[in-house]
Structure formats: structure tokens, C-alpha cells
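Below is one structure, written out as C-alpha cells, with a few remarks after it.
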């Protein structure tokens, strides 16, 4: 596999990530993170896994950004992690590498899912990182309530993410949503859907990445009860017709 970074710089990259994340990222993990980033950049010449083409931006906006939610992931109950709409494998693959949680990457686009599986096989991690080429709703019809953590990065609105995640999560499991600047309208819509979906807002943590200007919000919801309606709904409903406050649940 073509490397888009100088392997002799791996120590400096390790130090950079460790400083940005305020924890020690070991050399072996750093090597895996960089192999993944190199793979994603190479594949994206022909398949749209990322619009990022340079290693510096990738370290910041893919690796560091993915690991920004490590405190939320590590404080969650024990168990498996599911990454919703995984795309090129962010944040799922970095989180699997660093936390050691068994991880499922759900990606509906077959070509993207195939590339994810190719990389997982390449690093001999198919025993703990599973790739699922399905829509999230279809997967959650057969696999229910077996995950401790669900992650979603730049995927959909908060009400849609809550609805997609809750059938997959155990009670006390958490949804960790990566956002830019969340509007009050989106937060209000999520609040109205909480009771119906069975989730409660736990925290909104705002941060800036190590470039000093890229703003992120890590928003965490806990599944506290079963949904009051049957989920998942029909495929696409969560995004196209978000749940509203009862009694008018559907648009």
C-alpha cells in the first residue's frame, strides 16, 4: 500500500496526536491510524471515501477529529461499538484501534463497504471489526439491542440519529454524535423526540481541534427506556420524516 507520509516521521506524528488528545497514543496504534489514512486517500482517487487529499489535513480532520470523542466512548458501559454510516471508516476504525472495543461499521454503499472490508482484512482485524453493507434500518431489524455505543459523524440530524441508534443500543447504551455548530432548532427537535425514542441528552461538549480554529461538538444521548413506538420505521423515514413530539409522530 502506498504511504502518503514519511514512515520515518511516525514518532513525530505519535507525539502530535498524543499532545492533541492529551493522552499517549502508542507507536503501533499510530502506524495503524496512518496506514488507514493512506489507504483512504489512495482509494479516494477512484471512489469518494474522502475529499481530503493531503496527509496533514487528514491527520487533523479524520484521525484527531475521530478520536475527539474518546472520553465519551471510554466512559460508556462495556460492550460493542457500532459506527453508523461509516463511509471511509471514520470515526469507527480509529476508535476500534484505540479503545479495543469490538466494532461494527455500517455502510450502505457497497463499494465503500468493500473498501472498508479490504482494509480490515489487510490489518488482520476481521475478528473484531465487522463491516456491514446495509442500510442502518435494515440491519437493526435483525440485530437488536446488542451495542453499548453508537457513533455517527456528519451523518444526519440529531432526531434522525437518535431514531436510527436506539434499536441497536442496549439500555444505558449511548449515542455519540459528532457535530459542527448545532442549531437551537435541531436541539429543540431532538428534545421533543427524546421521550418517544427513549433517549435522554447527557452532555454537549464543545471543543476546538489542535489547529485552533476547527470547532466540534460531541453530543451524547443515553438510552434510558424502550421506544414508545416500534422502531425501525420504513427505510429512509428517520431522515425524511423525523419523529416529532407525541401525539403526531409522523409527518
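The values are calculated or read from the model by the stated rules, or taken from the named source; none is laboratory data. Keep in mind it's a predicted model, so treat the numbers as computed, not measured. Positions of Cβ are backbone-derived with ideal geometry, glycine not excepted, and every protein chain shown enters the neighbour counts.
Residue by residue, here is whether (1) closer than 24 Å to residue 77 by Cβ; (2) in a helix (DSSP H, G or I) holds:
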| residue | (1), (2) |
| --- | --- |
| 105 | yes, no |
| 108 | no, no |
| 112 | no, yes |
| 127 | yes, no |
| 130 | yes, no |
| 138 | no, yes |
| 152 | yes, no |
| 155 | yes, no |
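Residue 101 meets each of the listed conditions (1) touching a strand residue (DSSP E or B) at 6+ places or on another chain (Cβ under 9 Å); (2) assigned to a loop (DSSP other than H, G, I, E, B); (3) more than 27 Å from residue 172 (Cα to Cα) apart from (3).
Residue-by-condition table, conditions (1) at pLDDT 95 or above; (2) surrounded by fewer than 19 Cβ atoms within 10 Å (Cβ to Cβ); (3) in contact with a helix residue (DSSP H, G or I) (Cβ under 8 Å, 6 or more places away or on another chain):
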{"position": "36", "(1), (2), (3)": "yes, no, yes"}
{"position": "46", "(1), (2), (3)": "no, yes, no"}
{"position": "50", "(1), (2), (3)": "no, no, yes"}
{"position": "63", "(1), (2), (3)": "yes, no, yes"}
{"position": "73", "(1), (2), (3)": "yes, no, yes"}
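Restricting 236, 180, 198, 212 to residues that are on the phi > 0 side of the Ramachandran plot and modelled with pLDDT under 95 narrows the list to 236.
Output the residues belonging to the range 62-98 that are farther than 14 Å from residue 147 by Cβ, in a loop (DSSP other than H, G, I, E, B) and within 10 Å of the chain's Cα centre (by Cα).
Here is the first cut: in the range 62-98, the ones farther than 14 Å from residue 147 by Cβ are 62-72, 74-75, 85, 87-91, 93-94, 97-98.
Still in the list and also in a loop (DSSP other than H, G, I, E, B): 68-69, 85, 87-91.
Residues satisfying the conditions are 69, 85, 87, 89, 90, 91.
Taken over the range 202-235, the criterion of being free of Cβ contacts under 8 Å to residues at least 24 places away in the same chain and closer than 26 Å to residue 135 by Cβ is satisfied by 230 alone.
Every condition in (1) closer than 19 Å to residue 69 by Cα; (2) free of Cβ contacts under 8 Å to residues at least 60 places away in the same chain; (3) touching a helix residue (DSSP H, G or I) at 6+ places or on another chain (Cβ under 8 Å); (4) not in a loop (DSSP other than H, G, I, E, B) is met by residue 182 except one, and the failing one is (4). Here the range 11-33 is the region considered, the condition is being surrounded by 16 or more Cβ atoms within 10 Å (Cβ to Cβ) and without any contact (Cβ under 8 Å) to a residue 60 or more places away in the chain, and the residue that is nearest to residue 98 (Cα to Cα) is 30.
The residue list 159, 232 contains one member that is farther than 30 Å from residue 59 by Cβ and assigned to a loop (DSSP other than H, G, I, E, B), which is 232.
Summed over the range 120-141, the residues that are crowded, with 21+ Cβ neighbours inside 10 Å and within 18 Å of residue 39 (Cα to Cα) give a count of 3.
Yes or no: residue 169 closer than 23 Å to residue 92 by Cβ, surrounded by 23 or more Cβ atoms within 10 Å (Cβ to Cβ) and at pLDDT below 95? So residue 169 fails the test. Of the residues 29, 18, the single one that is outside any loop (DSSP other than H, G, I, E, B) and farther than 19 Å from residue 125 by Cα is 18. Screening the range 230-243 for residues that are within 17 Å of residue 190 (Cβ to Cβ) and in contact with a helix residue (DSSP H, G or I) (Cβ under 6 Å, 6 or more places away or on another chain) and picking the one that is surrounded by the most Cβ atoms within 10 Å (Cβ to Cβ) gives 243.
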